[in-house]
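A.B. asks: Here it is, the structure in full.
The values are calculated or read from the model by the stated rules, or taken from the named source; none is laboratory data. Not measured: the values here are computed from a predicted model. Glycine gets a Cβ as well: all are built from the backbone with ideal geometry, and neighbour counts include every protein chain shown.
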Amino acid sequence: MSLATTSKTPLKSRDYKSKVPVVWCPGCGHHGVLKAIYDALAAAEVDPSKLACISGIGCSSRTPYFINSYKMHTLHGRAGAVATGTQLARPDLTVMVMGGDGDGFSIGGGHMPHMARKNVDMTYVLFDNGIYGLTKGQYSPTSRREMKSYTTPYGGPDDPLNPLLYMLTYGATYVAQGFAGKPGICAELIKGGLEHKGFSYVHIFSQCPSFNTLDTNDFYRSRIEMVPPDHDVTDLGSAMALARMGHYGSAPMGLLYKEERATLDERMQMIIDGTGGHAGYDKNMIINELRP
Ligand code: SF4
Ligand code: MG
């Protein structure tokens, strides 16, 4: 595998493009998200030879192919678990996950809370198009109730899941939302996630014109609203109120929440070093607690 090297710094966005042709449909929002990822990697000066991009299955899970990095295309819904292991084994790497709403919140839904609560040091970019695109149009956990699809020919019975509220509730330490039609803003949000030490969740609305005729580019554009400039990103309650608002009305775009908290690899290292883990524990206390 040929990766760009740091000898060429500063790298430009184009240096993060791989030679693999991008195969998404014309008009797919994912093109905008990919541009934002290239720009964010360049702006954050991520070394491609220290970058691991990990995905599950879905149209957006093809993203790592298009990036000049190391990569793993894993099982459906399991990217987060593989990324957690990657980060623990190689904390020197920048670890990213790219995937969709079905991969992340349905098939992979069991992993999401644990990446957040453990504060695994990675950046998770979720491309939300409210549909399963790769498998040609099934209702997803973020589909609107009125959506008619192959699996819901009369519309669905469920209200959509609220991803922002979900991630805030389980303790993600960086939570942001963007829209593929605004790649410049998405790039800033992803860059912020890459620079944040901890679990960064960046949710991006990204239209699927081939299979979701409800959530169009125009629909998302009319729905998004910038996070108010006076919003305090350290205030979890305010972030949750914004996230909840987005579930029913306009959707907030920008950084909702940011918190500094020890990461999983840092806490593991503290235990290994005996320098005291979380909540004032030290090695001897942990050993005593583990004794039968
Ligand atoms: Fe994009 Fe939908 Fe085409 Fe997949 S099926 S590439 S999500 S437009
Ligand atoms: Mg999807």
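A.B. asks: Can you go through T94, T86, T63 and tell me which one is under 24 Å from G130 (Cα atoms) and of a type in the set (S, T, Y)?
C.D. replies: T63
A.B. asks: Among the candidates T123, T142, T135, which residue alone is β-branched (V, I, T), modelled with pLDDT of 95 or more and in a loop (DSSP other than H, G, I, E, B)?
C.D. replies: T142
A.B. asks: Any residue that is within 12 Å of the chain's Cα centre (by Cα), closer than 13 Å to D128 by Cα and among the β-branched types (V, I, T) - is there at least one of those in segment 175-183?
C.D. replies: No, every residue in segment 175-183 fails to be within 12 Å of the chain's Cα centre (by Cα), closer than 13 Å to D128 by Cα and among the β-branched types (V, I, T).
A.B. asks: Another question, then. If only one of Y132, Y139 is within 16 Å of ligand 1 (Cβ to nearest atom), aromatic (F, W, Y) and in contact with a strand residue (DSSP E or B) (Cβ under 6 Å, 6 or more places away or on another chain), which one is it?
C.D. replies: So the residue among Y132, Y139 that is within 16 Å of ligand 1 (Cβ to nearest atom), aromatic (F, W, Y) and in contact with a strand residue (DSSP E or B) (Cβ under 6 Å, 6 or more places away or on another chain) is Y132.
A.B. asks: Another question, then. Residue check, P160 against (1) out of contact with any helix residue (DSSP H, G or I) (no Cβ under 7 Å at 6 or more places or on another chain); (2) within 15 Å of T142 (Cβ to Cβ); (3) free of Cβ contacts under 8 Å to residues at least 60 places away in the same chain; (4) more than 16 Å from ligand 1 (Cβ to nearest atom), all met but one. Which one?
C.D. replies: (3)
A.B. asks: Across segment 14-40, what is the total count of residues that are part of a helix (DSSP H, G or I) and touching a strand residue (DSSP E or B) at 6+ places or on another chain (Cβ under 7 Å)?
C.D. replies: Residues that pass the stated criteria total 5.
A.B. asks: Could you tell me which of the residues S222, S200, S206 is hydroxyl-bearing (S, T, Y) and farther than 30 Å from E45 by Cβ?
C.D. replies: Being hydroxyl-bearing (S, T, Y) and farther than 30 Å from E45 by Cβ holds for just one of S222, S200, S206, which is S222.
A.B. asks: Does S13 satisfy the condition of being more than 15 Å from the chain's Cα centre (by Cα), modelled with pLDDT of 95 or more and hydroxyl-bearing (S, T, Y)?
C.D. replies: Yes, satisfied.
A.B. asks: Where in segment 170-263 are the strands (runs of 3 or more DSSP E), entirely inside, with at least 2 residues that are crowded, with 19+ Cβ neighbours inside 10 Å?
C.D. replies: Counting at least 2 such residues, we get 174-179, 199-205, 251-258.
A.B. asks: Right, here's the next one. Looking at this structure, is G77 in a loop (DSSP other than H, G, I, E, B) and crowded, with 21+ Cβ neighbours inside 10 Å?
C.D. replies: The answer is yes for G77.
A.B. asks: Just to be sure before I move on: is T234 within 16 Å of the chain's Cα centre (by Cα), polar (S, T, N, Q), more than 26 Å from L134 (Cβ to Cβ) and more than 16 Å from ligand 1 (Cβ to nearest atom) in the structure I sent?
C.D. replies: No; evaluated as a whole, the condition is false for this residue.
A.B. asks: Further question on the same structure: Here is a check on your reading of the model: is A52 surrounded by fewer than 23 Cβ atoms within 10 Å (Cβ to Cβ), away from ligand 1 (no atom under 14 Å from the Cβ) and not in a helix (DSSP H, G or I)?
C.D. replies: yes
A.B. asks: Where residues in segment 97-128 are among the small types (G, A, S) and within 16 Å of ligand 1 (Cβ to nearest atom), which of them is surrounded by the fewest Cβ atoms within 10 Å (Cβ to Cβ)?
C.D. replies: Top of the filtered list is S106.
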